[in-house]
1. Can you classify the range 2-91 as rounded, prolate or oblate using the Cα gyration tensor, where a ≥ b ≥ c are the square roots of its eigenvalues, rounded means a/c under 1.5, and otherwise it's prolate if a/b beats b/c and oblate if not?
2. Remind me, relative contact order of the chain in percent, using alpha carbon pairs under 8 angstrom and six or more residues apart?
3. Of P49, A16, A29, which is farthest along the charge dipole of the range 2-91 in the positive direction, counting Lys and Arg as +1 and Asp and Glu as -1 at C-beta?
4. Mind pulling the angle between the C-alpha long axis of helix 2-13 and the longest principal axis of the chain? Nearest 10 degrees, somewhere in 0 to 90.
5. Which of L60, L78, A92 sits farthest toward the positive end of the charge dipole of the range 41-92, with +1 on the Cβ of Lys and Arg and -1 on the Cβ of Asp and Glu?
6. Counting other Cβ atoms within 10 Å, keep those with at most 11, restrict to DSSP loop, and tell me which trypsin sites (Lys or Arg not before Pro) in the chain are left.
7. Which order do I61, I51 fall in if you start with the one that has the fewest other Cβ atoms within 10 Å?
Amino acid sequence: RTVYNWVCSVCERLGASPNDLVPFEKYAAAANDLVRPSSAARALNNGVPNIERTDRLVQLIGAQYGMRNEVVDRTVALVDARLATNRKTAAA
């Protein structure tokens with residue numbers, strides 16, 4: 001929930017109205033219905049060297065406003081590391 005709240009704060013800094021944001025409970029309910037990993041997670045696991053990065057995008061936008069989130073930073077670092085491994089493997 002802390003990441004959700006942080007992303008909402010970033011959206012609000014960009015001009016979003018809090019009333020226009022999807023409530024956390026809807027995200028939580030949708031997450032409970034997931035039965036397989038996300039397409040990004042599957043791509044990383046399958047060795048893809050590049051993926052679209054909403055994690056990095058939100059991190060960079062937040063940083064422009066002086067906003068940081070430890071969980072987002074760790075997620076970005078984890079995905080960066082996996083992509084680096086995938087790129088190294090693909091280049092070999």
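Just so it is clear, none of the values below were taken in a lab; they were calculated from the coordinates. Quick caveat: nothing in here was measured; it's all calculated off a predicted structure. Because the Cβ atoms are built from the backbone with ideal geometry, glycine has one as well, and the counts that use them run over all protein chains shown.
1. Values: a/c = 2.79, a/b = 1.48, b/c = 1.89.
Because a/c hits 1.5 or more and a/b fails to exceed b/c, the range 2-91 counts as oblate.
2. Details: 46 pairs, mean separation 32.2, N = 92.
Computed value for the chain: 35 percent relative contact order.
3. P49
4. 70
5. The one lying farthest along the dipole's positive direction is A92.
6. Numbers: sites: R1, R13, K26, R42, R53, R56, R68, R74, R82, R87, K88; in loops: R1, R53, R68.
Filter output for the chain: R1, R68.
7. Exposure proxy ranking, most exposed first: I61, I51.
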